[in-house]
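Novice: The structure under discussion is supplied below as C-alpha cells; questions concerning it will follow.
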Amino acid sequence: MPIHLLPEDVASRIAAGEVVERPASVVKELVENSLDAGASRVEVETQEGGIRLIRIRDNGLGIPTDEVALAFRRHATSKLEVAADLDEIATLGFRGEALSSIASVSRTTCITRHASEETGTRIRLEGGQIVAQTPVGRPPGTELLVEDLFYNVPARRKFLRTERTERRHIDAFLTRYAIAYPGTAFSAIHDGNTVISTAGNGDPAEGLLSVYGLELGAGLLAIPEELTAGLQIRVRGFVGPTNVHRADRGYMTLFINGRWIQDLRLSYAIIQAYHTLLPVKRYPVAFVMVEIPAGDVDVNVHPTKSEVRFRDADAVFRAVQRAVRATVIDEAPVAGSWAPSSGGQPGEVRGEGGETTRDRLAALRPSQSHIRFGSDTSPDAGSQEQGFVTPGTSVEPPPGERIHTSSQAGEPQRARAHELPPLRVVGQLATMFLVAEGPDGLYLIDQHAAHERVLFERLTSGTVQGQVARQPLLEPKVVVLPADAADRLSQILPALTAVGLEVEPFGANTFLVRALPAQVQHLQPADLLADIAGVEGELRVEAEVQEAVIRHICKRAAVKAGQVLSREEMNQLITDLEQTQNPRTCPHGRPTIIQISTEELARQFGRLIRDA
Ligand code: ADP
Ligand code: MG
C-alpha cells in the first residue's frame, strides 16, 4: 500500500482510542470544557454507568452558532492560536481532540447557546458524522449528550468493566474537581440517584465535607497559604492530621494549576512529609493543589493530560514536601501519651470561612475513650474449648513439641500452634516494645503487633461462632463517604453484621452506624468505614470479606507505637497474647515477639552460661 494520509474519520477514531478510554474519560473531557467555559454550575447525569448515556449541562459561555460544527472537527480549539501558546497553557483543554473523539465513538448531541447570541444550536452526530443541525432556544450554556458509547467500537466496549466500576471512576473524578473548584456547583446523578451535590459557594471546606463527610472532612488541616505566599511555587490544600490514615494511596490527590494529575514523585513527597508520623504501610489523606507559572510546567505530555513534566521537578517536590510537613508537624500530637490522639481536633484553622464550620463540627465529635485490653467483653471467654478456625483457612495441628500451658489452672487445654511461655513484664522500650523475661531469656514484644493479634483472634472466633459482642452506640452515627468508597462499602454491608458492625444505608453515600464490636468500641466509625470500604466486595466469598474487614479493624484499633503503657496494661496485653492461638505473629504475618536466649546473652557478654 502506498503512503497516504488517513481519512479524517479514521484519524479521529485513532485519536479517540487515546482520549476516550471509558465513560469517565468522556465526563472528564466534557467537565473540563465546562470549566474552561467559566461555568459556575456543572450537572452530570449518567445511565448504566455512562455506557448508555452521559449528559453534562453547564451554564458557561456557550458556543457561537457558526462555530458549533467546527468544534467537532479534530484539532479544532478556541484555546490556542500559535505554537508558542503551548508553552503557557492556562486552560484545561488545548488539544482540540475531545469533542471530535467523543463524537466519533458515540451518538452525540450538543445543545448550546453563546452568551452573546439570541438563539442556540442543536447538533447531532453519529459516529462523528453530523446528522442534524437546527436552531433552538435555551439559556446560555451548553449541554452535551453522549449516547451509546463505543457502539461502533465493539472491541473497546468489550473491555469496559461493570456499570458500577464505571460509575466509581466518574465519581472519583467529579469529587476531586468539586473540591478543587469550590466556586462551581457540581452534581452527579446516576440512574436517577443523586450521589454528589456541592453548593459552589466558594468555600472549599464545603466540598471537603460533602465529599469526605463530616468526620474526615472537618478534621483535615488547611495548608496555611502564608507558607508559600509570594513564592513561584505555591501550595494550597488540605491534609489529614497524623491520626487519620488510610490503607491505600487513593486518598492522596494532586492538582497542578487546576488540573488533577498523577505523579508518583509528588505523591512520594506527600508520604515523605508524614515520615515517622504514620504507622507503616499506612497512607495519608491529602488534597494538595500546586500553583506554578504556566511556563514552568509542560502539560502536553499525555493525550489525557493526566501527567505533566516540570522544568524543575525537585523544586516542586521540595515545595510540596515542606508545605505538607509544616502543616502536619504543627498539629501533630506529642508522641508518648497513652490516650489516643484527640480524634482530629482541627485546632487552629487558617483557611478563611472554614473556622466556624470546623469548630462546630469538632464540637459534635464524641470524645474518645481509652483503649482497654480488658477481656471482660471477650466474646470467646466461655468457649475456649472450641478449636479456633480462621475463615477460609484450616488450622495447623499443634507441633509435636511438648505443650505446657500458661493458662490458669483448671482451664481445659486448647490445641495451640505456638504456645508462649509464662512471661514477666520488665518494662517498655521506645514506647514500641514490651520487654519481658521468660524461662529462656529475654523477650521483646511489639505492642502494636501483639494487640492486633489479640483483637484479631477475638473478632475472628466471635465471627465464626456468630457471637461477636457488639456495643450499640448511644446515638447512631451518621457517616458520609466519598461516592466511590460508599459504593464499595454498600457491596459488603451484608458481611459486616457477623463481625459486630451494624451499618445500614442512610441515603446517598451515607451510612448509619448503630453498633461496633465491643472490643473496639472506641474507634471512630467514619475512619473505620473508610478503611473497610477498601475491602473489595467483588469476587470474594463472605468469609474472606469478613477476614479482610477484621484485619482492618484490628490494624486501626490496636495500640500504636508511641503510646506509653502502664504496667497493668502491659501485663494485660501479655496475658491476652498468651490466650491466643498464634501468639507469635500478627494477623499480617509479622512477628509479635522475638527472643534472645540466656545463652546468647551470656555469649555476647563473653561468659559461659554455667558462670551466669
Ligand atoms: P479543547 O478543549 O482542547 O479546545 P474540545 O474538543 O474539548 O477541545 O472542544 C473544542 C472547542 O469547543 C473548545 O475549544 C471550545 O471552544 C468549545 N467547547 C467545547 N465544550 C464547550 C462548553 N461546554 N462550553 C463552551 N465551549 C465549549
Ligand atoms: Mg476540551
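Novice: Restricting to region 270-316, count the residues that are in contact with a Pro (Cβ under 8 Å, 6 or more places away or on another chain) and either part of a loop (DSSP other than H, G, I, E, B) or aromatic (F, W, Y) (or both).
Specialist: Residues meeting the conditions: 2.
Novice: Looking at this structure, is E81 in a loop (DSSP other than H, G, I, E, B), without any contact (Cβ under 8 Å) to a residue 60 or more places away in the chain and either within 17 Å of V27 (Cα to Cα) or open to solvent by 30 Å² or more (accessible area, probe 1.4 Å) (or both)?
Specialist: Values: in a loop (DSSP other than H, G, I, E, B): yes; without any contact (Cβ under 8 Å) to a residue 60 or more places away in the chain: yes; either within 17 Å of V27 (Cα to Cα) or open to solvent by 30 Å² or more (accessible area, probe 1.4 Å) (or both): yes.
Against the criterion (in a loop (DSSP other than H, G, I, E, B), without any contact (Cβ under 8 Å) to a residue 60 or more places away in the chain and either within 17 Å of V27 (Cα to Cα) or open to solvent by 30 Å² or more (accessible area, probe 1.4 Å) (or both)), E81 qualifies.
Novice: Name, by its number, the condition in (1) more than 36 Å from the chain's Cα centre (by Cα); (2) more than 16 Å from ligand 2 (Cβ to nearest atom); (3) modelled with pLDDT of 95 or more; (4) open to solvent by less than 20 Å² (accessible area, probe 1.4 Å) that does not hold for T65.
Specialist: (4)
Novice: What number of residues within region 141-160 satisfy the criterion of being within 32 Å of the chain's Cα centre (by Cα) and within 15 Å of ligand 1 (Cβ to nearest atom)? Can you show your working first?
Specialist: Of the residues in region 141-160, the ones within 32 Å of the chain's Cα centre (by Cα) are 143-150, 155-160.
From what's left, within 15 Å of ligand 1 (Cβ to nearest atom): 143-146.
Number satisfying all stated conditions: 4.
Novice: Identify, by number, the condition in (1) free of Cβ contacts under 8 Å to residues at least 60 places away in the same chain; (2) surrounded by fewer than 22 Cβ atoms within 10 Å (Cβ to Cβ) that V549 doesn't meet.
Specialist: (2)
Novice: Okay, next question. Do we have R73 as open to solvent by 60 Å² or more (accessible area, probe 1.4 Å), within 12 Å of ligand 1 (Cβ to nearest atom) and assigned to a loop (DSSP other than H, G, I, E, B) here? Quick ask: steps written out before the conclusion?
Specialist: On the way: open to solvent by 60 Å² or more (accessible area, probe 1.4 Å): yes; within 12 Å of ligand 1 (Cβ to nearest atom): yes; assigned to a loop (DSSP other than H, G, I, E, B): yes.
When the stated conditions are applied, R73 passes them.
Novice: Let me ask you something else. Would you be able to say whether some residue in region 213-222 is over 24 Å from L278 (Cβ atoms) and open to solvent by 10 Å² or more (accessible area, probe 1.4 Å)?
Specialist: Of all residues in region 213-222, those over 24 Å from L278 (Cβ atoms) come to none.
Among the residues of region 213-222, not one is over 24 Å from L278 (Cβ atoms) and open to solvent by 10 Å² or more (accessible area, probe 1.4 Å), which makes the answer no.
Novice: Residue by residue through region 81-106, note down the ones that are under 17 Å from V308 (Cβ atoms) and within 11 Å of ligand 2 (Cβ to nearest atom). Before you say what the answer is, go through the steps one by one.
Specialist: Going through region 81-106, the residues under 17 Å from V308 (Cβ atoms) turn out to be 85-95.
Answer for region 81-106, where residues must be under 17 Å from V308 (Cβ atoms) and within 11 Å of ligand 2 (Cβ to nearest atom): T91, L92, G93, F94, R95.
Novice: Examine region 407-423 for a residue that is buried (at least 16 other Cβ atoms within 10 Å of the Cβ) and either assigned to a strand (DSSP E or B) or modelled with pLDDT of 80 or more (or both), and state whether such a residue exists.
Specialist: yes
Novice: Output the residue which, of all residues in region 36-62 that are over 20 Å from R122 (Cβ atoms) and among the basic types (K, R), is farthest from ligand 2 (Cβ to nearest atom).
Specialist: This residue is R52.
Novice: Something else about it: Against the definition (part of a loop (DSSP other than H, G, I, E, B), under 33 Å from the mean Cα position of the chain (by Cα) and over 24 Å from N243 (Cα atoms)), how does P583 come out, yes or no? Give the derivation first.
Specialist: Numbers: part of a loop (DSSP other than H, G, I, E, B): yes; under 33 Å from the mean Cα position of the chain (by Cα): yes; over 24 Å from N243 (Cα atoms): yes.
Yes; evaluated as a whole, the condition is true for this residue.
Novice: Can you confirm whether region 19-35 contains a residue that is hydrophobic (A, V, I, L, M, F, W, C), in a loop (DSSP other than H, G, I, E, B) and either open to solvent by 20 Å² or more (accessible area, probe 1.4 Å) or more than 16 Å from ligand 2 (Cβ to nearest atom) (or both)? Let's see the steps before the verdict.
Specialist: Narrowing region 19-35 to residues hydrophobic (A, V, I, L, M, F, W, C): 19-20, 24, 26-27, 30-31, 35.
From what's left, in a loop (DSSP other than H, G, I, E, B): 20.
Then drop every residue that is not either open to solvent by 20 Å² or more (accessible area, probe 1.4 Å) or more than 16 Å from ligand 2 (Cβ to nearest atom) (or both), which leaves none.
No.
Novice: I'd like to know if region 136-144 contains one or more residues that are under 23 Å from K305 (Cα atoms), within 16 Å of ligand 2 (Cβ to nearest atom) and crowded, with 22+ Cβ neighbours inside 10 Å.
Specialist: There is at least one residue in region 136-144 that is under 23 Å from K305 (Cα atoms), within 16 Å of ligand 2 (Cβ to nearest atom) and crowded, with 22+ Cβ neighbours inside 10 Å.
Novice: Which numbered condition in (1) in contact with a His (Cβ under 8 Å, 6 or more places away or on another chain); (2) open to solvent by 10 Å² or more (accessible area, probe 1.4 Å) is the only one that T46 fails?
Specialist: Every listed condition holds for T46 apart from (2).
The values are calculated or read from the model by the stated rules, or taken from the named source; none is laboratory data. Not measured: the values here are computed from a predicted model. Every residue, glycine as well, gets a Cβ built from its backbone with ideal geometry; the counts of neighbours run over all protein chains shown. Accessible surface is based on the protein model in full, side chains and every heavy atom, while ligands, DNA and RNA are left aside. Shrake-Rupley method; radii C 1.70, N 1.55, O 1.52, S 1.80 Å.
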